[in-house]
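The values are calculated or read from the model by the stated rules, or taken from the named source; none is laboratory data. What you see is a predicted model, and the numbers here were worked out from it, not measured in a lab. All Cβ positions, glycine included, derive from the backbone under ideal geometry; neighbour counts span all protein chains shown.
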Amino acid sequence: MIDEFPKQECLAFEVKERTAFCSTPPALDAILVIDDDDLWRDAMMDLINGNNFSAIGACRAREGLGYLRSQNNISMVIHDLKLPDVKGFEALEAIKDINSDMPVVMLSAHGNAPSIVECMKRDAYDFIEKGGDLNNILAAVKRVIRERNLKNEIKSLEKAIDRSLVDIIGRSKSLEKIKRDAKQVAQTDLSVIIHGETGTGKTVLARKIHALSNRSNRPFLKVDIGTLTETLIESELFGHEKGAFTGAASRKKGFFEAANTGTLFIDEIENMSPLVQCKLLSVVEEKKFYPVGGSLPMNIDVRLIVATNQDLEKSVSEKKLRQDLYYRLNEYSIYMPPLRERADDIAFFTDKFIAEFCDDSKIPKKEITPEALKTLTAYSWPGNLRELKNVLRKAVFFSPAKFIDAKNISDFIAPDSGKDESPLGLPLSLKEAMKRHEMETIKKALRIAKGNKAKAASILEISCRGLYIKIKEYGIQ
């Protein structure tokens, strides 16, 4: 091991030596040239300086190591294998001890196979004979800088990806695996199933996977099976030819054709009929489909991402979902946990949503009080992020002060029915729980609007007609 060369000794060159060895002030992409052959060293430095880099010269290994320890802008080292003070192999090890990632090009006037092999064993970047063309050294310099810049770009891109994933799904530690999975699967064409309750951000995650993929400049289309009638699903997915059925006045593209070369996101996959499931399986396996009423197949290249808030394995066991289709779609699986299981994200998204709403509405940023944040954290959020976003939007618009307090929040949160039970002592069904939550929300909106149904409808972001229908349905006085 080489003794550390004292910094003051390393840098205490005489003025004439500094002028000879360092022709330009150290800068980014500085190349350290360590060689006791003055002619070779000066020639290499002139070549490097003449190609928009900065050369730093040293005639001894210890001097070069001193520079390396004291400077943080050196991008690579060019080192003569034979120097008077330190053997080249030892110097190479010392350089790697200082910075294990430092690229080192070893030079020798008498290159031989054993020396080359030994240098490579010790992680040298390259080995170049001094008797050859100096441009070989310049080529190595350019190659090192190009690779360094590419690595930095990749690191910057990865940091940007991590930040964007945090922005859309949260920063809770429980989400770290989801972020890794999303980045990993995005680089493939595997079909993905995203599991999770309603409002957890499955659609947003699907869009992000598409954006990180090599299909990012291609179409991303979403189809919600739950919103389509049984008679429309097949036509919507695969399109139809003119005259295929009554009312088919012209040819229509389906989602698969429109998403060709891109990504198709199918939500509520469990609502698909057996017939459509069979056709979907054929499309996935054969990469082609027949439009309704068509006689010629259409070839497609579509990446599938599907989402569900149900237990698909249970659906398979109950014969509601084809087993072969499930296994074909389930090449990769991601589970989005509900908001109640990651309380850390409530504060994060609260601040994010409030800032967005204030910015969009051109109003001063409102702050949330600690008591209000406690109220938000204590709530179970059956509607997850979607519900949190709606509550905060209303709180921002209807809180009169700069601060949003617990009272403002409570006005828009329905009583938490997580522990409610039905008259038979059994837990409420999801459908019943949703109805109760909706009814309580409508009642609160009416109280805030002091009975003004138009204002209450505005708060709830529904039409007046829709509100009247709900009032009648629930018998709200």
Task: Filter result for the condition that a residue is closer than 13 Å to L32 by Cβ and either part of a strand (DSSP E or B) or not assigned by TED's automatic domain parsing to the domain that holds D38 (or both), over I56, I95 - done: I56
TODO: Just need a number here: residues in segment 449-467 that are under 20 Å from L392 (Cβ atoms) and more than 40 Å from the chain's Cα centre (by Cα).
DONE: 1
- [ ] Can you tell me which residue among L321, L325, L304 is under 24 Å from A259 (Cβ atoms), modelled with pLDDT of 90 or more and assigned to a loop (DSSP other than H, G, I, E, B)?
- [x] L321
TODO: Please go through segment 344-385 and pick out each residue that is among the polar types (S, T, N, Q) and without any contact (Cβ under 8 Å) to a residue 40 or more places away in the chain.
DONE: S361, T369, T375, T377
TODO: Mind telling me which of the residues F89, F127 ends up being more than 15 Å from I48 (Cβ to Cβ) and not in a helix (DSSP H, G or I)?
DONE: F127
TODO: Tally the residues that are out of contact with any Leu (no Cβ under 7 Å at 6 or more places or on another chain) and in a helix (DSSP H, G or I), restricting the search to segment 100-118.
DONE: 5
Open item on the list: Cβ-Cβ under 9 Å, sequence separation 6+ or interchain: first residue in segment 113-139 and without any contact (Cβ under 8 Å) to a residue 12 or more places away in the chain, partner aromatic (F, W, Y) and surrounded by 11 or more Cβ atoms within 10 Å (Cβ to Cβ). Which pairs?
Closed with: I116/F127; M120/F127
- [ ] Please state which one of F53, F89 is among the aromatic types (F, W, Y) and either touching a Pro at 6+ places or on another chain (Cβ under 6 Å) or modelled with pLDDT under 85 (or both).
- [x] F89
Open item on the list: Every residue in segment 205-249 that is at pLDDT 90 or above, of a type in the set (V, I, T) and assigned to a helix (DSSP H, G or I), please.
Closed with: I209
- [ ] Might you let me know whether segment 286-298 holds any residue that is under 30 Å from A372 (Cα atoms) and of a type in the set (S, T, N, Q)?
- [x] no
TODO: Output the residues belonging to segment 183-235 that are small (G, A, S), farther than 22 Å from R171 by Cα and without any contact (Cβ under 8 Å) to a residue 60 or more places away in the chain.
DONE: S216, G226, S235
TODO: Assess whether L134 counts as being at pLDDT 80 or above, under 22 Å from D38 (Cα atoms) and touching a Cys at 6+ places or on another chain (Cβ under 9 Å).
DONE: no
Open item on the list: Please verify whether V316 is part of a helix (DSSP H, G or I) and over 30 Å from E176 (Cβ atoms), treating the condition exactly as stated.
Closed with: no
- [ ] Would you check if there is a residue in segment 194-201 being among the small types (G, A, S), in a strand (DSSP E or B) and either in the same structural domain as V104 (by TED's automatic domain parsing) or in contact with a helix residue (DSSP H, G or I) (Cβ under 9 Å, 6 or more places away or on another chain) (or both)?
- [x] yes
